[in-house]
Amino acid sequence: MEKQLRLIEMDADTRIIPDPHRRSPAVWIQELRVLRELSDAEEHLVRRVVLHRGMNILWAKPADGETEGTGLFEDSLSGHAAGKTTFCRFLRHILGEAHFGDELLRAEVRVRFPRGWVVAHVFIDDDPWVVCRPFAVGAHPFALRTSIIAEALDPDAQRLDFDKYLDALASAALRDLPVRQFSASRGPILWDHVLPWIARDQECHFDRLIEWRDASTDSRSPQLDATERHLLLRALLKLVSDEEDRERRENEERLSRRKAIRAELPKLAHQSQVDRERLRVELGGELPPVEDGLFREACDNAIEELATALRAQQRDEVGEPAIRALEGALETAIREEGAQAAVVRNITRELEDKRAELQSLRGTITEAQRLAFKESLGPSSGFCNVPVDVAREAGCPVVSSRPAQFVQAYAEKGLDERAEMVERILRSLEGRLREEQAELTSRSRETQAARYAVATARRTQKETIRHATGLEAHISNLRRLAGYVASARTDEEQLKAEDLQLEAAIGRSNRRQEELRMAATQAMRAFSEKFDYFICALLGREVVGRASFSGRDIGLTVFCRGERRSSAIRIVKNLAFDLTALVRSIEGYGCHPRILIHDGPRASDMSADLYRKLFRLVRMIEGCGGEGTEPAFQYIVTTTEPPAVELQRPPWLLDPVLDAAIPEKRFLGVDL
């Protein structure tokens, strides 16, 4: 079956055709300098590496004869610990990574170069930048938009904040990204997420597709889980898009809305029928069909007639004139009861006075009281009617000659007569009081009856008014009900129209999603074909390479009489994947920034011949643009293994060739 698949793909067009709109990398580095001080003076220059577009090989050359094998106790350091990884870390630092090495390396570099800087000439969308970052803690990095490094080193230069440069990097690299944020965390995709992939840690040994940073390197790159790294790769390869996800989510909303409409329509029709029947019963007559334009007018007229009749009936039931008459009768009864109560009070007071007087008359009185009483008496029978005082003043002999016994006797007689008279008055007053109290009781009953009649009338009136208020609410409800019935038809028509629109939109969305899926499938197939082509270029024509994109994961497999899984094969797969992504971007597919840094990618069991094929493959990619055109990418690779002989010269071989055995030939020119 593998051979059949391979035979099918032998006809695939494997030519690399650069996109005319991508004639240069989105980002590439033309020059890297390490300085003892931020100065253009030659004595401060530690190392200068000039790079170019296309392949750049930094070679740490082994000692003469080392490739044939060295004896015990002979030097074998030449190609190792020469500064290849430090060179890559400086490149990453220039591209925005927080640290230029692990903590130990940073400390050693700062001891050797306490005022040191790394400076680079970087192109972003063909615009030149000079970027300067200090080794020392506390000094501030900066950038200039210029193509001349010396201008940036001038103390009077108008320096830009380093963040401006980082913003330009992010804009160039992420501008066409089809996905802008991670699905789960909803965090934005940043340049800091892309850099670890295009410049892997050498410590990860290129052994796993999505393992880009090792904790020991202290890179401070943002941490992503496996799902997020797979999504990032798919986004950079344009194998997933926000448009498809957005279309899917919007279509889910449409489907949900359509489902709700189709559930609502029968309910709406049923409720409309129920409301119409209730309205017919309340109004007591047939109504025009709801579809008839006269339905609402007929309902309004019938409701108004019913309201007019009911209001007239209730006005008659309120009886305000009768209540006013009852209130007048109550006022009269209260007034008459008050007058009668006053009569009773007056008789009662008079009766109390007479009782007090009788008690005094029947009791023992003093001589002074008798004399006072005598003095108050007029002449008795047989005498003149002239008052005693007047008679005394006139010198009447009768008065002056009246004996004391006569006065005493007369006084006693007068008191008895007075007491008898008072008793008669008391008996008369008591009889009268009984009569008036009976009258007051009658008046009180009349007042109470009048008050009850008024209260009863008012309660009846309030109840009638309450019913009148309920009537208005009822009439309002009838009007609303008529409105519901009338609008239900409109609502039903609108929902049906919306349902038709949703049906059409859902169909369009399904077709668009299918187009996006087909485009993604085609892109996946094209990527897999290009991956297979590179695998064959590295491992031979009998080998089949597959890049699969199932679910959210990316799988790479190599078949040759079964699946091959050695360490060297895993590294070849990952290198081929990186190069395929680079080339697809050159061809106009995907968002790879077209800069790739591989730090010592050779595996321990990878043959030298296979490793050299990697360089030849990149050389072949360089030539895809045609004679006289600059490559549309930059590939930087470090190696201790000698590249192919034809590549051991400029422009591919960088100057200098490193050698750890000689301090001056190490990348930083010193032993750390």
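Values in this text are rule-based calculations from the coordinates and carry no lab data. Treat the numbers as computed from the prediction; the structure is a model and nothing was measured. Reconstructed Cβ throughout: ideal geometry from the backbone, glycine too, with neighbour counts over all protein chains shown.
When the convex hull of its Cα atoms is viewed from all sides, region 192-268 shows a mean projected area of 7.3 nm². Computed about the Cα centre, the dipole magnitude for region 566-656 is approximately 260 debye when only Lys and Arg (+1) and Asp and Glu (-1) carry charge, each at its Cβ.
Fewest Cβ neighbours within 10 Å first, please rank TYR635, TYR533, TYR484, TYR165 accordingly.
Working: TYR635 27, TYR533 21, TYR484 16, TYR165 24.
With the sparsest Cβ surroundings first, the list reads TYR484, TYR533, TYR165, TYR635.
In terms of the mean number of neighbouring beta-carbon atoms within 10 Å, the peptides 154-162, 207-215 order highest first as 207-215, 154-162. Here region 250-281 and region 166-204 have alpha carbon centers that stand 48 Å from each other. Based on the reciprocal of the average 1/r between different C-alpha atoms, the Kirkwood radius for region 158-299 equals 20.9 Å. Per the Debye formula on identical point scatterers at the alpha carbon atoms of region 554-672, with no solvent, log10 I(q)/I(0) at q = 0.10, 0.16, 0.19, 0.21 Å⁻¹ is -0.38, -0.92, -1.17, -1.30. Label ALA339 and LYS164 with points 7 Å out from Cα along Cα→Cβ: what is the distance between them in nm? Those two pseudo-labels are separated by 10.9 nm. Where Rh denotes the Kirkwood radius from the mean inverse Cα pair distance, what is Rg over Rh for region 112-195? Checking Rg against Rh, the ratio lands at 1.07.
The ranking of LYS259, LYS354, LYS613 from fewest to most other beta carbons within 10 Å of each one's beta carbon is LYS259, LYS613, LYS354. Expressed as a whole percent, the proportion of Cα-Cα pairs in region 491-635 lying more than 21 Å apart is 55%.
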